[in-house]
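Here's the structure, in C-alpha cells; my notes come after.
What follows is calculated from the coordinates using simple rules that are stated; it is not laboratory data. Only a predicted model underlies this, so the values are computations on that prediction, with no experimental measurement involved. Cβ coordinates were reconstructed from backbone atoms using ideal geometry, including for glycine residues, and neighbour counts include every protein chain displayed.
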Amino acid sequence: MKFRLPELKDKEIIKLYIEEHYSHNEKSLSASNKLTSMNFEDWVNKIHNNACVPDKEWGKSLTYLAFDDTDNLIGLLSVRYDLPKEKIMEFGHIGYGVRPSERRKGYATQMLKYALKECEKYGLNKVIVGCYKENKGSAKTIIKNNGKLIKEKNILLNINDCWKINLVDQLYEIKI
C-alpha cells in the first residue's frame, strides 16, 4: 500500500469514495477529519496545516489517503499523534476507514500497521484505538495488530470499545 496526504488533484477520486459510502447507507466517513462538512480545498489545506501546526482542539495529526498497488483509493487513515490527553480515550490516536467494495481484503490491517509505525516515529510508546462494539471487522484488525481491549464505553447511544496497542513491548536496560 501507498500512503500520502491528499492533494487538490484528488477531488474526483475522493468524491467517488464518498459516494460509495453513501450508496451503502453509511452516514459518516471514518478518519475523514470533517471531509464532508468542508469545502474540499479548505479540507486539503487543513490536512496539510495540521501535519505541522497544532489544531486548537485536536493537536497535530496526519490524514492520509491509502492506495493499493494499482493506485486505487482504498481508504482514509488518520494518525492523531499529538492528540490532547482528554480526547485520547474518546477518539483514539488512530482512525481508519476502507471503502465498502474493498473491505475484508486485509487493507485495514495494513493501514493500522502503517499508522502504528507513524506513531512510533512521533515518539508514542502506546496508542489507543477505538471502534464500535458491533464493528467486528475493526476489532479483528486491532487484535491482529496486538490490540488489547481495555474499556467499553457508551457514547451517544453507541457502545465503543477502547483498545491499547503497545508499540514498545519490552524495555531493556543496558548496563555498561
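Annotations for the structure displayed:
- Proximal charge balance of K87 [Cβ under 14 Å; K/R count +1, D/E count -1]: 0
- In the elastic network of the chain, a GNM with C-alpha springs shorter than 10 Å, the most mobile of V129, V44, V98 is V44.
- Extended-chain gain in nm, criterion 0.36 nm per residue less alpha-carbon gap, E20 and N146: 42.3 nm
- Measuring between their Cα centroids, region 60-136 and region 9-59 lie 14 Å from each other.
- Net charge of neighbours whose Cβ lies under 10 Å from the Cβ of Y107, counting Lys and Arg as +1 and Asp and Glu as -1: +2
- Positive contributions from Lys and Arg (+1) and negative ones from Asp and Glu (-1), summed over other residues with Cβ under 15 Å from the Cβ of S28, come out at -1.
- For region 2-166: relative contact order, % (alpha-carbon pairs under 8 angstrom, 6 or more apart): 18 percent
- Rg ratio (alpha-carbon, reference 2.2 N^0.38 Å) - the chain: 1.04
- Extension gain for N135-R4 works out to 44.6 nm (0.36 nm per residue, less the C-alpha to C-alpha distance).
- Relative exposure of R4, R103, R80, judged by other C-beta atoms within 10 Å (fewest first): R4, R103, R80
- Residue of M111, M89, M38 that the Gaussian network model of the chain assigns the largest fluctuation, springs spanning Cα pairs under 10 Å: M38
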